[in-house]
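Remarks on the structure that follows.
The values are calculated or read from the model by the stated rules, or taken from the named source; none is laboratory data. Keep in mind it's a predicted model, so treat the numbers as computed, not measured. Neighbour counts run over all protein chains shown; Cβ positions are idealised from the backbone, glycine included. Heads up: the accessible areas ignore ligands, DNA and RNA and are worked out on the full protein's heavy atoms, side chains in. Shrake-Rupley method; radii C 1.70, N 1.55, O 1.52, S 1.80 Å.
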Amino acid sequence: QVQLVESGGGLVQPGGSLRLSCAASGSISSILVMGWYRQAPGKQRELVAGITNGGSTNYADNVQGRFTISRGNAKNTVYLQMNSLKPEDTAVYYCNLLASRAAYWGQGTQVTVSS
């Protein structure tokens, strides 16, 4: 069974930084894309950033230039470096893995940006 375990969320002041981590375990067929989504209260889940197996990245317009997605050497880990955080970045952040045969989600980690 495939599991995605996220870590790194928490409370941070506006302008601060956090680094989220996600590690995938289990029997996984070819990984195509790993990414991060977020869902704020009362809003739909939205894509934050994604990275392909080849290393190509894409970002939501509202995080471009502030957030950086990267893969670990093991290729089954993904990170999200979040800088210059704003209150509107407050949400539950979910790790997502798209493989050749299925998609998987982590349990989510809360990020709260508040003074």
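Rounded to the nearest 5, what % of DSSP beta bridges with both residues in the chain are antiparallel? Counting DSSP beta bridges with both partners in the chain, the antiparallel share is about 95 percent. Summing Cβ point charges (Lys, Arg +1; Asp, Glu -1) relative to the Cα centre of the chain gives a dipole of roughly 160 debye.
Entry comment: accessible area of the chain is 53 Å² per residue, from protein heavy atoms only and a probe of 1.4 Å.
Rounded to 0.05, the FRET efficiency of the residue 86 and residue 56 pair, given R0 = 22 Å and the Cβ-Cβ distance, is 0.25.
Atom-type composition of the exposed protein surface of the chain places 45 percent of the accessible area on carbon and sulfur (1.4 angstrom probe). With the simple model of a label 7 Å out from the Cα in the direction of the Cβ, residue 21 to residue 112 spans 2.3 nm.
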